[in-house]
1. Mean residue ellipticity at 222 nm from the helices of the chain, using -39,500 (n - 2.57) per DSSP H segment of n ≥ 4 over the full residue count, to the nearest 500 deg cm²/dmol?
2. Quick one: net charge around LEU113, please, counting Lys, Arg +1 and Asp, Glu -1 for every other residue with C-beta under 15 Å from its C-beta.
3. Based on the Cα gyration tensor of the chain, what are the three equivalent ellipsoid semi-axes, each the root of five times an eigenvalue, rounded to whole Å and given largest first?
4. Kindly write out, for the range 135-146 in residue order, the coupling ³J(HN,Hα) from the Karplus curve 6.51 cos²θ - 1.76 cosθ + 1.60 (θ = phi - 60°), rounded to whole Hz, with x marking Gly and Pro.
5. Among residues other than ASP19 whose Cβ falls under 12 Å from its Cβ, what is the net charge (Lys/Arg +1, Asp/Glu -1)?
6. Using only the Cα atoms of the range 104-147, construct the convex hull and provide its projected area averaged over every direction, in square nanometres to one decimal.
7. If you rank GLU143, GLU180 by fewest surrounding Cβ atoms within 10 Å, what's the result?
8. For GLY97, what charge total do you get from the other residues with a beta carbon under 14 Å from its beta carbon, if Lys and Arg give +1 and Asp and Glu give -1?
Amino acid sequence: MSKMDVVINRARLSLIQGDITRQTTDAIVNAANSSLMGGGGVDGAIHRAGGPAILEECKQIVSNQGRLPTGKAVITTGGNLRAKYVIHTVGPVWHGGHSGEPELVASAYRESLKLAVSKGIASISFPSISTGAYGYPVEQAAEVALQTVIDFLHQETALNEVVFVLFDGRTHGIYGKTLERIISKDAPTG
Ligand code: AR6
């Protein structure tokens, strides 16, 4: 199964395996770090594909408001990307799960979604925040990520599409199983 689609309230929620820099949603989300100066993983890929305009805007943001705290989000142009905007957020580093990691990763998704809605963005793609260099176990991150997006879509109807773009097959598989479990649990019975 390479693509999974469900409808949540007014929006479509999809899981695909792929490269987020190639997505055509209005915005893509970057799993950045607080410096906003780029890095490895998806952050490196987005800056490479999007070109220098993104880093220029990130520098401006940091000079105006300082480093971006974990769980917060800011927006820049998409530069050369097909997406018009990049929303940069910072997930938590995994320290075993008792240092507020679930709340912080939920906040990273929620703040990104709120910022998108405030900018009139209708479609958005997310990577699996924190599960690469930051070491968050994928099973636990998938649960929080999907539940946070689903809860948001139940309350907010301005978005019409949310896509999770999972880079590797293992991560894609875990998100798929997790979404199936959440959907079947939420389904009306009787
Ligand atoms: N498209 C989609 N997902 C990707 C891509 C891509 N092109 N490339 C990697 N991934 P990570 P984090 C996946 O490490 O854990 C950076 O250096 C990757 O396989 O990018 O939040 C930042 O500057 C994994 O599943 O982000 C920070 O310092 C997921 O994206 C730090 O890493 C997240 O992995 C942030 O760490």
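1. -13500 deg cm²/dmol
2. +1
3. 25, 18, 16
4. x, 6, x, 4, 4, 6, 5, 4, 4, 5, 4, 5
5. +2
6. Averaged projected hull area, Cα only: 3.2 nm².
7. GLU180, GLU143
8. Within the 14 Å Cβ shell, the charges total -4.
Bear in mind that the values in this text are calculations on the coordinates, not laboratory data. Since we're looking at a predicted model, the values are computed, not measured. For neighbour counting, all protein chains shown are included, and Cβ atoms are generated from backbone atoms with ideal geometry for every residue, glycine included.
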